[in-house]
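The values are calculated or read from the model by the stated rules, or taken from the named source; none is laboratory data. Please read all numbers here as calculations on a predicted model, not as lab measurements. Using ideal geometry, Cβ is built from the backbone for each residue, glycine included, and neighbour counts are taken over all protein chains shown.
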Amino acid sequence: MASANNSGSTTAGSIAVREAGAPDELAGPGTGRMVSQPADARQVAVASYDVADFPVPNGREEDWRFTPLDRLRGLHDGTFGNVGEAAVEVEAPAGVVVETVGRDDARVGKAGAPVDRVAAQAYSAFEKATVVTFPKELAPGEPVVVRTRGTGTTGFGHLTVSVEAFAEAVVVLEHTGKAVYADNVEFLVADGARLTVISVQDWEDGSVHLAHQVARLGRDATFKSVAVTLGGDVVRLFPRVVYDAPGGDASLYGVYFADSGQHLEHRLFVDHDVPRCRSLVTYKGALQGAEARTVWIGDVLIRAAAEGTDTYELNRNLLLTDGARADSVPNLEIETGEIAGAGHASATGRFDDEQLFYLQARGIPADEARRLVVRGFFAEVIAQIGLPELQERLMARIEAELEASV
Amino acid sequence: MATLEIRDLHVSVEAENGPREILRGVDLTVKQGETHAIMGPNGSGKSTLAYSIAGHPKYTVTGGTVTLDGEDVLSMSVDERARAGLFLAMQYPVEVAGVSVSNFLRTAATAVRGEAPKLRLWVKEVKEAMERLQMDPSFAERNVNEGFSGGEKKRHEILQLELLKPKIAVLDETDSGLDVDALRIVSEGVNRVRDTGEIGTLLITHYTRILRYIKPDHVHVFAGGKIVESGGPELADKLEAEGYEAYTGVKETA
């Protein structure tokens, strides 16, 4: 087992190892387990489809303590108004089945029950769900693009992406426009299937978006997600991975860029409770401007049954100006000694002066040198997308963000 | 003809108990076409001289002047100095994650030359320069200095020297950490640039080994933060035989 934790001033981390053979007292939310089972202390104690099962958060709860509740426009306490529908548009290659279904459709909610009040609110309130199905062994080669465009109202959404056995899928989720929006997204990745998801949060100013994205992996399934969060007043993304059978492989990547006044939060939970699965988490963020705020929480739980687990998570934050604040909290909880590897690393810092000196000593002006460094910082993650046109568009967006400061 | 003139240069660094003076009145003139070797024991301040010329923010100039063709170098930013024609080959080149060598070189060349080099010519120019330094073409796609061996880092520095064609190059312990093969390849690279006659070279080194490959016109002994003796190539031979003891009172080979 290898682990590293280079703590920055706003970084905290923990690795807890439970003795092998200790009773399995941890049952996580979103795993399909019953509400009455005790849950992991780091997670909320409830998993339910009904918003009424959750008390209104007051900000002291572990999973809400970083979130500015007063800026959620009532998504968390039912006081939201101006309800309307966000426009959802799906572009899909031949062979992919796209349906709009009612909430009683059997495929909706299969990935697990919501684990916090806003997710349950979204589940309780959505009218129509979008279901995208990649039939067995289909490999269309082209991505499905799901465009969610805010129209200035409060909206609730539900999307289920089902990738059947041995199908290979790429799905791009684009979030634009202005909205107060809460949604649940389910990724059902069947045995031997492969799914890559790129979720771009590029809302207009004044938008609020709280999303839960749960992936449920079958035997030998491969899941890769790349979260790109750039625009919005408050964006809180909660990606989760659960495994149904051995051999599942999840890679969770993310980049975020917070300007002054933005609160961008990513909370990940990877729940290893079957043997021989893998998870790799890599999130990188940059912050600029007073009151720029990011939160990254990486919870990885390796249960007693999950022998042979291999996991590593990394979060890096680049503070471009004074006044910004990045919170980074990796948590690794291990209940079995029989693992292949487990570790985490977190670091938050400023520009490396030696890098800037080196580039400037080659004639490159300071502002351009900073751009090169930031571009390089994000390039590794953006390259994971695998769609050149989208990669270029996102790098251009990131550089446009940078122009504001340097 | 380009001339770097250093007059009575005093430089301090911030230490725990206040500023500490490292350079104590350096005088040196390096002209285009000349090669000067600065030789000194560890801690004599010779690397501080290199970094002060390049403008590293860690060093504070407290007195004296540095001019390039009469222009005040000390009032220039780090990148302005490079664009004015100064180059520092670093002893410890810095890693820049996510930035490819090819992107870095082209960005630097564009900055120094004032316009982007024509792509086709540029690709050829880089390819040929890399071949001369026996660098594999795949090198261009690697991230700057990331995972480079000691020899690869130094070759990469000399590659930049060849491509950026400065007026005055300061080579800071370019020989350190090189095996004989790498030293020969790197020295040949430096000599190719010197043979153009268009560059003044300031070679900073602890050991005389590199001077067998790169022949200096002038040799200066650096001790206690300044030049204490100057001469021709024969001074290096003397240092090789006697070490630095005569200058520092401490037995140390050169």
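Some values worked out for this structure:
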| read-out | value |
| --- | --- |
| So A:I198, is it farther than 16 Å from A:H175 by Cα and either modelled with pLDDT under 95 or out of contact with any Pro (no Cβ under 7 Å at 6 or more places or on another chain) (or both) | no |
| Test: residue in segment B:18-39 that is at pLDDT below 95, in a loop (DSSP other than H, G, I, E, B) and either more than 30 Å from A:L318 (Cβ to Cβ) or within 14 Å of chain A (Cβ to nearest Cβ) (or both) | no |
| Members of segment A:192-230 that are surrounded by fewer than 23 Cβ atoms within 10 Å (Cβ to Cβ), in a strand (DSSP E or B) and over 12 Å from the mean Cα position of the chain (by Cα) | A:R194, A:T196, A:D202, A:T222, A:L230 |
| Only listed residue being over 27 Å from A:E291 (Cβ atoms) and either modelled with pLDDT under 95 or not assigned by TED's automatic domain parsing to the domain that holds A:T176 (or both), chosen from A:A129, A:A120, A:A92, A:A47 | A:A47 |
| Of the criteria (1) away from chain A (no Cβ under 14 Å); (2) surrounded by fewer than 15 Cβ atoms within 10 Å (Cβ to Cβ); (3) modelled with pLDDT under 95, which one B:E131 fails | (3) |
| Lone qualifier among B:L183, B:L119 - being of a type in the set (A, V, I, L, M) and more than 30 Å from B:E242 (Cβ to Cβ) | B:L119 |
| Breaking point among (1) within 14 Å of chain A (Cβ to nearest Cβ); (2) outside any strand (DSSP E or B); (3) under 20 Å from B:F87 (Cβ atoms), for B:G147 | (3) |
| Some residue of segment A:264-280 being of a type in the set (S, T, Y) and either in a loop (DSSP other than H, G, I, E, B) or surrounded by fewer than 24 Cβ atoms within 10 Å (Cβ to Cβ) (or both) | no |
| Qualifying residue in segment A:82-99 (condition: aliphatic (A, V, I, L, M), without any contact (Cβ under 8 Å) to a residue 24 or more places away in the chain and either at negative phi or touching a helix residue (DSSP H, G or I) at 6+ places or on another chain (Cβ under 7 Å) (or both)) | no |
| Residue identified as basic (K, R) and surrounded by fewer than 16 Cβ atoms within 10 Å (Cβ to Cβ) among B:K238, B:K215 | B:K215 |
| Every residue from segment A:365-385 that is closer than 15 Å to A:A396 by Cβ and among the charged types (D, E, K, R) | A:R371, A:R375 |
| Residue check for B:I204: of a type outside the set (F, W, Y), surrounded by 20 or more Cβ atoms within 10 Å (Cβ to Cβ) and in contact (Cβ under 8 Å) with a residue 40 or more places away in the chain | yes |
| Some residue of segment B:71-79 being of a type outside the set (A, V, I, L, M, F, W, C) and within 8 Å of chain A (Cβ to nearest Cβ) | yes |
| Residue within segment A:135-142 that is under 30 Å from A:G206 (Cα atoms) and modelled with pLDDT of 95 or more present | no |
| Residue within segment B:74-93 that is among the β-branched types (V, I, T), more than 30 Å from B:P233 (Cβ to Cβ) and surrounded by 15 or more Cβ atoms within 10 Å (Cβ to Cβ) present | yes |
| Unique residue being touching a strand residue (DSSP E or B) at 6+ places or on another chain (Cβ under 6 Å) and either of a type outside the set (A, V, I, L, M) or more than 20 Å from A:H344 (Cα to Cα) (or both) when the list is A:A305, A:A250, A:A292 | A:A292 |
| All positions within segment A:250-262 that are crowded, with 21+ Cβ neighbours inside 10 Å and either among the hydrophobic types (A, V, I, L, M, F, W, C) or in a strand (DSSP E or B) (or both) | A:A250, A:L252, A:Y253, A:G254, A:V255, A:Y256, A:F257, A:A258 |
| Checklist (1) at positive phi; (2) basic (K, R); (3) modelled with pLDDT under 95 applied to B:R120, failing item | (1) |
| Among (1) surrounded by fewer than 21 Cβ atoms within 10 Å (Cβ to Cβ); (2) farther than 27 Å from B:D237 by Cβ, the one test that B:G197 misses | (2) |
| Qualifying strands (runs of 3 or more DSSP E) (wholly inside segment A:293-406; at least 1 residues being in contact (Cβ under 8 Å) with a residue 24 or more places away in the chain, crowded, with 22+ Cβ neighbours inside 10 Å and within 14 Å of chain B (Cβ to nearest Cβ)) | A:310-319 |
| Pair list, Cβ < 8 Å and 6+ apart or interchain, from segment B:111-134 residues that are closer than 23 Å to B:R81 by Cβ to residues that are among the polar types (S, T, N, Q) and in a helix (DSSP H, G or I) | B:A116/B:T110; B:P117/B:T110 |
| Hits in segment B:86-120 (condition: in a helix (DSSP H, G or I), more than 7 Å from chain A (Cβ to nearest Cβ), farther than 13 Å from B:L159 by Cα and hydroxyl-bearing (S, T, Y)) | B:T110 |
| Residues of segment B:50-72 that turn out to be under 14 Å from B:A2 (Cα atoms) and buried (at least 23 other Cβ atoms within 10 Å of the Cβ), as a count | 1 |
| Single residue of A:R278, A:R303 found to be within 22 Å of the chain's Cα centre (by Cα), at pLDDT 95 or above, within 19 Å of A:S225 (Cβ to Cβ) and outside the structural domain of A:A369 (by TED's automatic domain parsing) | A:R278 |
| Out of A:T311, A:T348, A:T336, A:T321, sole residue that is touching a Lys or Arg at 6+ places or on another chain (Cβ under 8 Å), under 21 Å from A:V235 (Cβ atoms) and of a type outside the set (A, V, I, L, M) | A:T348 |
| Filter pass, B:G98 being small (G, A, S) and buried (at least 18 other Cβ atoms within 10 Å of the Cβ) | yes |
| Members of segment B:177-218 found to be among the hydroxyl-bearing types (S, T, Y) and within 18 Å of B:F87 (Cβ to Cβ), listed by number | B:S187, B:T196, B:T201, B:T205 |
| Among residues of segment B:40-67, those that are within 14 Å of another protein chain (Cβ to nearest Cβ) and in a strand (DSSP E or B), counted | 1 |
